[in-house]
Amino acid sequence: MDFISKCSGGYEDLWKAIIRPGREEYEEKHLGPKEFHIRGLRYQRTDIELKNKRGQTLKGSHFEPVERVCEQLPCVVYLHGNCSSRLESLYTLEILLPANITVFCFDFAGSGMSDGDFISLGWYEREDIEVVVNHLRSTNRTSTIGLWGRSMGAVAALMYVDRDPCIAGMVVDSPYSNLRILSDELVREHTKVPSLVLSAVTAIIRKTIKKKAGFDIDHMVPLNYMAQSFVPAFFVAGKNDKYVNARHTQDLYAKYTGDKNIALVNGDHNSARPQFLLDSIAIFFYNTLMVDQLPQQGKFDFDISVRWKIDESQKEKPRKNEDSEMNFSMLRSKKIGNDYDIQQVLGDANEEELEKSLMQSIQIRENMKKSKLGGGEPEQPKQDIILDDPNMTMILKKEESKQSEKEEPKAYDEHDDEWGSKIIKKGEENTSGSMGKSKSAMREFNEEGFEIIE
């Protein structure tokens, strides 16, 4: 079975794995009841719709106590992963709500119930965070604000706080440090791709994503933001994460200039985090959001066992026919990153079948384009490798091209593009006969003026 058979969408599956992974579908009932109890105390959920700067509707939910100890309470905004939704945040409710910390969760544009066709792995998601934070501040019912992001949400948080130093603290779980490096790592992990082919394919994917989603994957370098941010940060990574290696988190932590902590825990990208880590995060937010400044009237006590003690006199007696306690850990999203989808797309192909099949897939796209322009029948894929993009033709050569009929040589210019692939364009005469072509060889050029090697 060749690569294209394993990856039914061919090239399309590759770029979709980045900006259009599987979208989590759910219903409102999956968020749990509008009113519920945790440890005998009553809480409520308020659903809300917000508009981002691109005019897309964001669906969100605000979880808070029915009876507040004061008008303004601290809030943690939870930021989900690239193929997840606000359901991912539900396990945090039992950690934060009993501490009088409200929780706001929402679906990023392109995820869950929100509008949008594509995600951007942090680029536009940081603007969605800004919309949510501005909303919370405008209500005058929120004091301090913290961010808790995982995977894509963690990247969005890191790329947002440099523009909003008033964020009190953030937890960033499994962020990548550089999207281009991450992409290369994933391809090398599941395939044996020559560097030249990898660079060329990535360049084409970059063009496609920029056209469809409006952002440049080469600008997705959270590492560049670390020297500009000073918000207290708690970095987290799974030791067995094969999707975003823990080294990415460690690199970000090393470069971060603000107050910082880091925890490496057992588990992978999608694993539930251990209780001791959740307790540590609760302590982190308790301190950074200044929960101890609330008029708690002795209602809460944070003891050495890292558990919230609740005054028994404050508990409500459960009413008949009502579930008094909600177990939100059972409702959480189980899929945060699309590492499994990446493996399915790449299919652990070997070097020969991957190179051949991927080039054939892209050659078919070029032939279809030529057919539409010239009205002829599409050509069958050839052995030589030709990568074509609407804006650029990139030429790779596997073996020496055969000589054809002689004609007067045409002037041309040859140079390497930024990815190391050959670009040959009409220009000054080249006398070196590079790439195995003599001055007398027949040369053909496409409509953009780039030479086609046959």
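The values are calculated or read from the model by the stated rules, or taken from the named source; none is laboratory data. If you're wondering where the values come from, they're calculated on a predicted model, not measured in any experiment. Glycine gets a Cβ as well: all are built from the backbone with ideal geometry, and neighbour counts include every protein chain shown.
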Which numbered condition in (1) more than 16 Å from ALA17 (Cα to Cα); (2) touching an Asp or Glu at 6+ places or on another chain (Cβ under 8 Å); (3) surrounded by fewer than 17 Cβ atoms within 10 Å (Cβ to Cβ); (4) modelled with pLDDT under 95 is the only one that ASP164 fails?
(4)
Mind checking which residues of region 92-143 are among the charged types (D, E, K, R), without any contact (Cβ under 8 Å) to a residue 60 or more places away in the chain and buried (at least 24 other Cβ atoms within 10 Å of the Cβ)?
ASP107, GLU125
Here's a check for you: in region 167-203, which residue that is modelled with pLDDT of 85 or more and of a type in the set (A, V, I, L, M, F, W, C) is farthest from LEU79 (Cα to Cα)?
ILE181
Taking the condition of being in a loop (DSSP other than H, G, I, E, B), out of contact with any helix residue (DSSP H, G or I) (no Cβ under 8 Å at 6 or more places or on another chain) and charged (D, E, K, R), how many residues in region 220-276 meet it?
3
Residue pairs meeting the criteria (Cβ under 9 Å; at least 6 apart or on separate chains; first closer than 17 Å to VAL244 by Cβ and of a type outside the set (S, T, N, Q), in region 15-26; second modelled with pLDDT under 85 and not in a helix (DSSP H, G or I)):
ALA17/ASN338; PRO21/GLY337; PRO21/ASN338
If you check every pair at least six apart or on different chains, which have Cβ atoms under 9 Å apart with a residue in region 71-83 that is charged (D, E, K, R) first and a residue that is assigned to a loop (DSSP other than H, G, I, E, B) second?
GLU71/ASN140; GLU71/ARG141
Flagged pairs (Cβ under 6 angstrom, 6 or more apart or on separate chains; first in region 45-63, more than 20 Å from ILE145 (Cβ to Cβ); second part of a loop (DSSP other than H, G, I, E, B)) are GLN56/ALA109; GLN56/ASP115; GLN56/GLY116; THR57/ASP115
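Mind listing whichever residues of region 41-79 are out of contact with any Cys (no Cβ under 6 Å at 6 or more places or on another chain), of a type in the set (Gly, Ala, Ser) and crowded, with 17+ Cβ neighbours inside 10 Å? I'd like the intermediate steps shown before the answer.
Narrowing region 41-79 to residues out of contact with any Cys (no Cβ under 6 Å at 6 or more places or on another chain): 41-60, 62-77, 79.
The next check asks that each one be of a type in the set (Gly, Ala, Ser); those that pass are 55, 60.
Selection gives GLY60 alone.
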Taking region 75-99 on its own, how many of its residues are of a type in the set (A, V, I, L, M, F, W, C), in a helix (DSSP H, G or I) and touching a Ser or Thr at 6+ places or on another chain (Cβ under 7 Å)?
1
Failed condition for GLU185, given (1) over 15 Å from THR249 (Cβ atoms); (2) part of a helix (DSSP H, G or I)
(1)
